[in-house]
Amino acid sequence: TLGALTPPTGPAAVPVVLDPIVAGEAGVRARPWRFAVGEGDPGADFVLTGADRLAFVHRGVRFVALDTAVPTLAGGGLSRLRALREALAAAAREPATGALAVVRTDAPGTVDAKESALTDRLLAEFRRTTGKRAAVLTLAAPEFAATRSEGVLSVAAPRTGRTLVGVDAFAPGDWLAVRHVS
């Protein structure tokens, strides 16, 4: 007789790994202040809708809304990158600013891959050189997603449901806590 140890057959189980920035209601409420994306929330300081002011600072976070109405780098991307570079320089100089959040509205084909990669690179460089936090908030995305690359957080808030973000610009570790309710 011959015996063999073999692995189990069938599809492999894929472990579910949640990013620590995705939190429950208590995790979001534990942050010093909150903002809502798309739809309002009585506990939020303000609501980001995509038609927001071009740039503003709120409790240590500089928000930079980039207009993605013109899809090409030459057609509108150069002004977006100029606005981003100016905001990064201002945030780097301001001791009261602990983070910068780029806000853009998702629409198919509005931002090309090269521009998106350049934006991500500029934010990662800002994070490395200043020690301040950075994030990209995409509004009206097809689905909810939260990722990170080189310490830069990226949150895609969908068109449907309510996304509430808790913020602490000067907290050690993760500075955003996100809860999406469909």
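The values are calculated or read from the model by the stated rules, or taken from the named source; none is laboratory data. Model, not experiment: these values are computed from the prediction. As a convention, Cβ positions derive from the backbone with ideal geometry for all residues, glycine included, and neighbour counts pool all protein chains shown. For accessibility, only protein heavy atoms count, side chains too; no ligands or nucleic acids. Shrake-Rupley method; radii C 1.70, N 1.55, O 1.52, S 1.80 Å.
How large is the dipole of region 25-181 about the Cα centre if only Lys and Arg carry +1 and Asp and Glu carry -1, each at its Cβ, rounded to the nearest 20 debye? Write out the running numbers ahead of the final one.
Numbers: 21 positive and 17 negative charges, 73 e Å.
Dipole magnitude for region 25-181 comes out near 340 debye.
How much of the accessible area of the chain, in percent, comes from carbon and sulfur atoms when a 1.4 Å probe is used?
58 percent
Which angle between 0 and 90 degrees, to the nearest 10, do you get for helix 113-130 versus the longest principal axis of the chain when only C-alpha atoms count?
Tilt of helix 113-130: around 80 degrees.
Per residue, how much accessible area does region 25-181 have with a 1.4 Å probe, in Å²? Working shown, then result.
Numbers: 7380 Å² over 157 residues.
Accessible area per residue, region 25-181: 47 Å².
Applying the Karplus parametrisation 6.51 cos²θ - 1.76 cosθ + 1.60 with θ = phi - 60° to the phi angles of region 78-86, what ³J(HN,Hα) value in whole Hz is obtained for each residue in order, glycine and proline being reported as x?
Karplus values, whole Hz, x for Gly and Pro: 5, 5, 5, 5, 4, 4, 5, 4, 5.
Quick check for you: which residues of region 109-152 have the amide N under 15 Å from the point 7 Å beyond the Cα of THR160 toward its beta carbon?
Within reach of a label on THR160: 140-145.
Mind listing the long-range amide H neighbours of VAL136? Cut-off is under 5 Å, sequence gap 5 or more, other chains count too, H placed in the peptide plane at 1.01 Å from N.
VAL102, LEU153, SER154, VAL155
Can you list residues from other chains, or at least 5 along the same chain, whose modelled amide H is less than 5 Å from the amide H of ALA23?
VAL178, ARG179
Using R₀ = 22 Å, calculate the FRET efficiency as 1/(1 + (r/R₀)^6) where r is the Cβ-Cβ separation of ALA92 and PHE170; round to 0.05. The partial results should precede the final answer.
Values: r = 15 Å, r/R0 = 0.70.
Approximately 0.90, to the nearest 0.05.
Only helical DSSP H runs with n ≥ 4 go in: add -39500 (n - 2.57) per run for the chain, normalise by residue count and round the 222 nm mean residue ellipticity to 500 deg cm²/dmol. All intermediate terms of the calculation are to be shown ahead of the outcome.
Numbers: 3 runs with 39 residues, N = 182.
Mean residue ellipticity, 222 nm, calculated: -7000 deg cm²/dmol.
Ordering THR129, THR105 by how much accessible area each has at a 1.4 Å probe, largest first, what is the list? Please list the in-between numbers first.
Values: THR129 105, THR105 50 Å².
The ordering from most to least exposed comes out as THR129, THR105.
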